[in-house]
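Only one structure is covered here, and it is reproduced in the block below.
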Amino acid sequence: GGDAYAVDMTKLLKSLKELNHAAGDGKGVVQQSSNGERKLVMPSALPLTLFKDGFILRDGPFRAFDGGGDPARGKSNRAFVTDLMDGYFPSEMKHTHPEGVPFKLIDKTSEAFDPGFKAFSGVAARLD
């Protein structure tokens with residue numbers, strides 16, 4: 001049917017927890033700088049804001065599950081979340097983050113994306 005793509009939040013949260021653990025969430029990595037100084041670097045989680053009808057990665061553009069009228073784009077947007085639900089690191093990010101990366105999930109699945117919504121512009125002001 002023409003049903004909207006639905007995200008199984010329970011499954012997604014469980015998978016993200018496992019993926020984040022595998023990606024070293026909360027575990028620092030000791031890096032040595034050129035002058036021999038060692039410091040602990042924590043992996044920074046990528047904010048993933050999930051809406052009923054799509055998602056935003058970091059502060060990027062809204063990615064609609066229906067592709068906003070572009071079926072190919074909709075397919076890759078759905079594949080991103082399906083990979084995560086199935087416990088896999090999204091294939092489209094394998095070249096940018098070969099080691100994996102923790103995600104920080106912002107759950108907005110009770111609402112559809114509002115074009116007036118700004119993710120992480122530093123200030124939580126809303127322009128109505």
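Some points to look at:
- Local net charge near Ala79, Cβ-Cβ under 13 Å (Lys/Arg +1, Asp/Glu -1): +2
- Degrees, to the nearest 10: 9-22 long Cα axis against longest axis of the chain: 20 degrees
- Percent of Cα-Cα distances greater than 15 Å, calculated over region 62-106: 49 percent
- Region 1-83: Cα Rg divided by the 2.2 N^0.38 Å rule of thumb: 1.46
- Summarised as an ellipsoid, region 38-124 has semi-axes of 23, 18, 11 Å, derived from the eigenvalues of the Cα gyration tensor scaled by 5 and square-rooted, with the largest first.
- Nearest-ten-degree value, helix 71-85 long axis tilted from longest Cα axis of the chain: 50 degrees
- Average accessible area per residue (Å²) across region 27-73 - probe 1.4 Å, nucleic acids and ligands excluded: 64 Å²
- Members of Lys52/Lys104; Lys14/Lys39; Lys75/Lys108; Lys39/Lys104 lying beyond 28 Å, as alpha-carbon distances in this model show: Lys14/Lys39
- Computed label-point distance, nm, for sites Asp107 and Val29 using a 7 Å Cα→Cβ extension: 2.9 nm
The values are calculated or read from the model by the stated rules, or taken from the named source; none is laboratory data. The model shown is predicted, which means the values in this text are computed figures rather than measured ones. Please note: Cβ atoms are built from the backbone with ideal geometry, for glycine as well, and neighbour counts cover all protein chains shown. Only protein heavy atoms, including side chains, enter the accessible area calculation; ligands, DNA and RNA are left aside. Shrake-Rupley method; radii C 1.70, N 1.55, O 1.52, S 1.80 Å.
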